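A.B. asks: The structure that follows is given in the form of structure tokens.
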Amino acid sequence: MMTKIEMQAMDAVIGIHREMKKANETDWEKRRYEIAKECVVVLMPTEITLEDAAKLSVEQADALIKELKKER
């Protein structure tokens, strides 16, 4: 049987492990935003509207993320 201190230590280790695992996971929503933002910057000097540039940028970001997820 484990003592109370041992159980608390085990809970702490499990919590640390969860946090480390979470820190190493890719934040795909953040990546999507960053990719779309870069695409908008490239598309804005062209003759399309901001609305169309935004839509196209999000589509491109989604396509890129889909391919990146396949690599794993």
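A.B. asks: Ranked highest first by average number of other Cβ atoms within 10 Å, how do 38-50, 2-14 line up?
C.D. replies: Working: 38-50: 12.3, 2-14: 9.8.
Per-residue mean Cβ counts within 10 Å order the peptides as 38-50, 2-14.
A.B. asks: Over 19 Å between Cα atoms: which of 21/66; 30/66; 22/66; 22/55 fall into that group?
C.D. replies: Numbers: 21/66 22 Å; 30/66 14 Å; 22/66 21 Å; 22/55 30 Å.
Pairs exceeding the cut-off: 21/66; 22/66; 22/55.
A.B. asks: Would you kindly compute the Cα radius of gyration of the chain and its largest Cα-Cα separation (Dmax), both in Å?
C.D. replies: Just the Cα atoms of the chain yield Rg and Dmax of 21.1, 72 Å.
A.B. asks: Here's a follow-up. Extension gain residue 1-residue 27, at 0.36 nm per residue separation less the Cα-Cα distance, in nm?
C.D. replies: On the way: separation 26, 0.36 × 26 = 9.36 nm, distance 3.98 nm.
Between residue 1 and residue 27, full extension yields an extra 5.4 nm.
A.B. asks: Along the Cα-to-Cβ line of residue 50, 7 Å from the Cα, sits a label point; which residues in the range 19-43 have backbone N less than 20 Å from it?
C.D. replies: 33-43
A.B. asks: Still on this structure, please answer the following. Given the rule -39500 (n - 2.57) for each run of at least 4 DSSP H residues, summed and divided by the residues of the chain, what is its mean residue ellipticity at 222 nm, to the nearest 500 deg cm²/dmol? Spell out each step's value before the answer.
C.D. replies: Working: 3 runs with 59 residues, N = 72.
Theoretical 222 nm ellipticity from helices: -28000 deg cm²/dmol.
Computed from the coordinates by the stated procedures, all read-outs in this text should not be read as laboratory data. Remember, it's a predicted structure, so these values are computed and weren't measured experimentally. Reconstructed Cβ throughout: ideal geometry from the backbone, glycine too, with neighbour counts over all protein chains shown.
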